[in-house]
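S.K.: Handing you a structure now.
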Amino acid sequence: MPQQIWTHPYMPNSAPENLKEMLDTLGIARMEELYENLIPEELRFHGELDLPQPLESEWELKEHVGGLLKKNIPCSRYTSFLGAGCYRHYVPALCDEIANRAEFLTAYCGDTYSDHGKMQAIFEYTSMMGELLDADVVSYPCYDGAQAVCSALRMALRLGQQEERDQLLVPDTMNPEIYSQLKEYTYGIAQLVRIPHDGTGGMDLQALEGALSPRTAAVFLENPSYLGGLQVNAAQIGRMAHGAGALFVVMPEVSSLGILEAPSAYGADITCGEIQPLGVHMQYGGGCAGFLAVAQEERLFQQIPTYLYGLCPTQNPGQFGWGRALNERCSHGSREKANEYFGTESGLWAIVAGVYLASLGPQGMRELGEHILQKTHYAIKVLSQVEGLQVNPFGGTPYQEFVVCFGPGGKTVAQVNRALLDYGIFGGKDLSKDFPELGQSALYCFSEITPASEIRRLAGALQEILGGGSHA
């Protein structure tokens, strides 16, 4: 029985007469003849795949996808206190307007190979990031902040090869998802050593000193840490790393850099991180992009695996051209000799982050950081009044996130988070699996768009859930 051909309204060559014409031109009777001599019979699938019937109109597709999306509850309906690496910030309308322009949105990886306007936009992004990070060279975005961390530490390993440096020292409070990825990225070529934290949640300096050795390629630090605390001894950690001949690699939270020193100011050789907070919405598996930044030292920037953008004068005085620089470093220039293979990346978010930085400017970034810091400490004050909670057990000055322990109240994080759904609230990130030493604890996030009234409502809901009655 001949296979039934379905003609798709938007695929011109799916019409039976077009298919027959192509087969006749090739001198074959069936499409299967194209591969039956290449793929063994026992490896070929026979019959039809169990797939739903195709949707034949845009309206049907829109209704179908809309029905699927309605099963989810967005943060526009429920108040979210989730963070842990992906954050809900205010996104200026201008960011969405630019991101949805067809020449950016539909371009290959948000970029094209010979579009000087787009290349200038990315150059402007790297320039503004350079100001924010106090760095001379900033890379084109990689997939996300996690890959940026992995690439930064691979850079350190390559630079330490001649001295046989194969050891990476990382904090034991490191983002567990990034740590998991780092283990795979450095499998077989590096030894990962986790440095315990002290009573404040920061890296224990005595333990760090004991772990440093001639084999240490880099010391890595998140500042603020995954658990929200600021590493007040960051400069000393950098000096200790350099004293052992190792590089100092730091991942900051970019939204904090309007009020906190850039890592390069306290000794970071490589700064890496995530640009999602810079005008990019939270999305399902997307909306993330990483950056790498270094001083203008050849030994450092030659190791960056992703694109670099530069400008140069043209034959017309006063006019400049923009383009990719030092392509031989990356897999676009040579896949065999490249530092790493980096593939299609996240160029669209570079343009969006550039628009965001240009919109806020230095004063706006300062106000953003101040606002988040104020909301964080207001939340600590309000939640500390709830019976059955231990709030911010590490003390100090956390930024945007802090730990909340539910052990005193006798409930698990899972129980609390399920109960919070009845209040229209997404609770904090459950830490009990990744940090069992913290007991039944969660990581709560507060951004500049977390209303003070919602913080008070969270406190009231937690008071009722923990059995303490109403909360004023």
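The values are calculated or read from the model by the stated rules, or taken from the named source; none is laboratory data. Bear in mind the structure is a predicted one, so any value in this text is a computation, not a measurement. FYI the Cβ positions are ideal-geometry reconstructions off the backbone, even for glycines, and counts take in every protein chain you see. In case anyone asks, the SASA skips ligands and DNA or RNA and just uses the protein heavy atoms, side chains included. Shrake-Rupley method; radii C 1.70, N 1.55, O 1.52, S 1.80 Å.
S.K.: Just checking, which of E33, E60, E42 is surrounded by 12 or more Cβ atoms within 10 Å (Cβ to Cβ) and either over 30 Å from Y444 (Cβ atoms) or not hydrophobic (A, V, I, L, M, F, W, C) (or both)?
M.R.: E33
S.K.: Taking the stretch 237-272 as the search range and keeping residues that are of a type in the set (V, I, T) and more than 18 Å from A218 (Cα to Cα), which one is most open to solvent (accessible area, probe 1.4 Å)?
M.R.: I259
S.K.: What are the residues in the stretch 406-438 that are assigned to a strand (DSSP E or B) and open to solvent by 10 Å² or more (accessible area, probe 1.4 Å), if any?
M.R.: Answer for the stretch 406-438, where residues must be assigned to a strand (DSSP E or B) and open to solvent by 10 Å² or more (accessible area, probe 1.4 Å): F426, K429, D430.
S.K.: Among the residues that make up the stretch 375-390, is at least one of them hydrophobic (A, V, I, L, M, F, W, C), touching a Pro at 6+ places or on another chain (Cβ under 8 Å) and in a loop (DSSP other than H, G, I, E, B)?
M.R.: The answer is yes; a qualifying residue exists.
S.K.: Here is a check on your reading of the model: is G321 open to solvent by less than 20 Å² (accessible area, probe 1.4 Å) and on the phi > 0 side of the Ramachandran plot?
M.R.: No, not satisfied.
S.K.: If you go through the stretch 33-67 one residue at a time, how many are among the charged types (D, E, K, R) and under 23 Å from Y10 (Cα atoms)? Explain how you work it out, then say what you get.
M.R.: Within the stretch 33-67, the subset among the charged types (D, E, K, R) is 33, 36, 41-42, 44, 48, 50, 56, 58, 60, 62-63.
Those left that are additionally under 23 Å from Y10 (Cα atoms): 48, 50, 56, 58, 60, 62-63.
The qualifying residues number 7.
S.K.: Sticking with this one: If you take the residues in the stretch 190-212 that are over 21 Å from G396 (Cβ atoms) and part of a helix (DSSP H, G or I), which one is most open to solvent (accessible area, probe 1.4 Å)?
M.R.: Across the stretch 190-212, the extreme among qualifying residues is E209.
S.K.: Among the residues of the stretch 439-458, write down those that are small (G, A, S) and either more than 16 Å from F402 (Cβ to Cβ) or surrounded by fewer than 21 Cβ atoms within 10 Å (Cβ to Cβ) (or both).
M.R.: G439, A452, S453
S.K.: A follow-up question, please. Looking at the stretch 338-356, is at least one residue closer than 30 Å to R457 by Cα and among the aromatic types (F, W, Y)?
M.R.: So the first thing to find is which residues in the stretch 338-356 are closer than 30 Å to R457 by Cα, and the list is none.
Checked against the condition, which is being closer than 30 Å to R457 by Cα and among the aromatic types (F, W, Y), the stretch 338-356 yields no hits at all.
S.K.: Of all residues in the stretch 326-345, count the ones that are part of a helix (DSSP H, G or I) and either outside the structural domain of F123 (by TED's automatic domain parsing) or open to solvent by 50 Å² or more (accessible area, probe 1.4 Å) (or both).
M.R.: 1
S.K.: Just checking, does the stretch 346-362 include any residue being in a loop (DSSP other than H, G, I, E, B) and under 18 Å from F301 (Cβ atoms)? I'd like the intermediate steps shown before the answer.
M.R.: Our first condition is that a residue be in a loop (DSSP other than H, G, I, E, B); within the stretch 346-362, this holds for 346.
Next, only the ones that are under 18 Å from F301 (Cβ atoms) stay: none.
No: the stretch 346-362 contains no residue that is in a loop (DSSP other than H, G, I, E, B) and under 18 Å from F301 (Cβ atoms).
S.K.: What are the residues in the stretch 297-323 that are in a helix (DSSP H, G or I) and closer than 21 Å to M128 by Cβ, if any?
M.R.: Correct list: L300, F301.
S.K.: Now a separate question. Listed residues L55, L105; which is surrounded by 10 or more Cβ atoms within 10 Å (Cβ to Cβ), aliphatic (A, V, I, L, M) and outside the structural domain of C142 (by TED's automatic domain parsing)?
M.R.: Answer to the selection: L55.
S.K.: Okay, next question. Of all residues in the stretch 146-165, how many are assigned to a loop (DSSP other than H, G, I, E, B) and open to solvent by 50 Å² or more (accessible area, probe 1.4 Å)?
M.R.: At the first step, the residues of the stretch 146-165 found to be assigned to a loop (DSSP other than H, G, I, E, B) are 160, 164-165.
Retained after the next criterion (residues that are open to solvent by 50 Å² or more (accessible area, probe 1.4 Å)): 164.
Looking only at that region, the number is 1.
S.K.: Going by the structure shown, is I178 open to solvent by less than 60 Å² (accessible area, probe 1.4 Å) and more than 22 Å from L300 (Cβ to Cβ)?
M.R.: For I178, the condition - open to solvent by less than 60 Å² (accessible area, probe 1.4 Å) and more than 22 Å from L300 (Cβ to Cβ) - is not met.
S.K.: Let me ask something else about it. From the residues in the stretch 47-70 that are hydrophobic (A, V, I, L, M, F, W, C) and outside any helix (DSSP H, G or I), which one is modelled with the lowest pLDDT?
M.R.: Looking at residues that are hydrophobic (A, V, I, L, M, F, W, C) and outside any helix (DSSP H, G or I), I get L55.
S.K.: Residues to consider are V232, V250; find the one that is in contact with a strand residue (DSSP E or B) (Cβ under 8 Å, 6 or more places away or on another chain) and either under 21 Å from L132 (Cβ atoms) or not in a strand (DSSP E or B) (or both).
M.R.: Details: V232 fails: in contact with a strand residue (DSSP E or B) (Cβ under 8 Å, 6 or more places away or on another chain).
The match here is V250.
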